[in-house]
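Have a look at the structure below, then the notes.
The values are calculated or read from the model by the stated rules, or taken from the named source; none is laboratory data. Only a predicted model underlies this, so the values are computations on that prediction, with no experimental measurement involved. Positions of Cβ are backbone-derived with ideal geometry, glycine not excepted, and every protein chain shown enters the neighbour counts. Ligands, DNA and RNA are excluded from the accessible area calculation, which covers all protein heavy atoms including side chains. Shrake-Rupley method; radii C 1.70, N 1.55, O 1.52, S 1.80 Å.
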Amino acid sequence: MIKSTNHQDYQKLIAWLKKSRLEKGLTVRQLGELLDEPFQFVSKIENGQRNLSVHEYVQYCEALELDPALGIKILR
């Protein structure tokens, strides 16, 4: 089981989330507010310093109006 944030598939997933955030014109701070988390939470995820749990991933996708299933396809 791969648990590293350095795995290429996980990095692709995070890149997809970050790209989606930027396409929506949201700052790290604004996304943090949507998630009811400090902006450092978003920053650490995007910089590979923190993993997302499954529940957090779904909330992240909902905040960005993304279908979580699309991100799962990136991991497969």
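Tally up the carbon and sulfur contribution to the accessible surface of the chain as a whole percent, 1.4 Å probe, everything protein left in place. Ligands and nucleic acids excluded, carbon and sulfur reach 50 percent. Taking 12 Å as the straight-line reach from the Cα of LYS18, the aspartates and glutamates in range (excluding those fewer than 8 positions away in the same chain) are GLU46.
Helix 54-63 and the longest principal axis of the Cα set of the chain meet at an angle near 40°. Of the residues GLN30, GLN8, SER53, the one whose Cα sits farthest toward the positive end of the charge dipole of the chain, with +1 on the Cβ of Lys and Arg and -1 on the Cβ of Asp and Glu, is GLN8. With only Cα atoms counted, the chain has Rg and Dmax values of 11.5, 35 Å.
Between the Cα long axis of helix 8-23 and the first principal axis of the chain there is an angle of about 20°, rounded to the nearest 10. Which lysines, if any, have their Cα less than 18 Å from the Cα of LYS3, not counting same-chain residues under 8 positions apart? Leaving aside lysines fewer than 8 places away in the same chain, those within reach of LYS3 are LYS12, LYS44, LYS73.
Taking all protein chains into account, the per residue accessible area for the chain stands at 68 Å² (1.4 Å probe).
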